[in-house]
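Q: Got a structure for you, questions after.
The values are calculated or read from the model by the stated rules, or taken from the named source; none is laboratory data. Bear in mind the structure is a predicted one, so any value in this text is a computation, not a measurement. Ligands, DNA and RNA are excluded from the accessible area calculation, which covers all protein heavy atoms including side chains. Shrake-Rupley method; radii C 1.70, N 1.55, O 1.52, S 1.80 Å.
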Amino acid sequence: MNRLVLSAIIFMLTNNAMAILPSAIQPNEFPMLPAYCKAKLSSDPLDDKAYSGMIGPDWRHIHHYCFALNFTNRFYKTSNPNDKRHYINSALNNHDYVLTHAAPDFWMRPEIHTEKAKQLKAAKRYAEALGELKKALHIKPDSVIAYVVLADVYLDLNKKTDAVAAVEEGLQHGPENRTLQRRYKTLVGKDFVPPLATPVIGRDGLQNNPPSDTDAKPTEVNASEPVSERALPQSSTPSTPSEIGSPTNPYCRFCP
């Protein structure tokens, strides 16, 4: 068989395989997504009302963020390299849609930049991942999850010194964070000791002790856990989403 013909057949088979991959979020995939995703894709106005106020005006774009997260989940579940390539590119495209269309001051931008960085890291596009994390930390310098992902990117690049620096900077903002503490112990070989609080001296010359926070539990963020575990609290039970759009464009009802 002619090599050119064989290549054409392989190309057609690959593209046909890609074409049958489902695009719309399936019912069994919603539990791995933030609760507002099911509400956004529901036809019930009450579901929409339950979360639109929490997200804000850019609620109209948030379904693309849900699509991005779902494509990422599929990326990790499949071992097929063509499917992986399709899913990661689809995730990145949907992230870019939100970042392009949302307001410059949209409060979820740091999270979206960080999630996009995680996907770029998975695709081994490290320079782009670092760029997204830089954007996230420029907006929200105390984003603990961004520092966790930043350290993981540096570790993939075999830059241990930079990874330690990222963890230490993150611990300056969240000294009680368990995930960063574990990263620190793994990298440095010892437990992280939070710095002692500077005593506050009152006008009478006596030390005023700050309120005790011994009862507070250290926070923990897992960079690999589903975003549904870190999303907005579910204020009501969203209804089951209805079928939307067409087989070739299941998202058209929502795009402005």
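Q: Can you tell me how much longer the chain between ASP83 and LEU46 gets when fully stretched, taken as 0.36 nm per residue apart minus their C-alpha distance, in nm with one decimal?
A: 9.8 nm
Q: Quick one: how many Å² of ARG74 are accessible to a 1.4 Å probe, rounded to 10?
A: Spelled out: ARG74, probe radius 1.4 Å, area about 20 Å².
Q: Among the lysines, which have Cα under 24 Å from the Cα of LYS190 when same-chain residues fewer than 8 positions away are ignored?
A: LYS159, LYS160, LYS217
Q: Can you spot the lysines whose alpha carbon is less than 28 Å from LYS49's alpha carbon? Ignore those fewer than 8 places along the same chain.
A: LYS38, LYS40, LYS116, LYS140
Q: Let me ask something additional. What shape does segment 54-200 have by the C-alpha gyration tensor, where a ≥ b ≥ c are the square roots of the eigenvalues, rounded means a/c under 1.5, and otherwise prolate means a/b greater than b/c and oblate the rest?
A: It is oblate, given that a/c is not under 1.5 and a/b is not larger than b/c.
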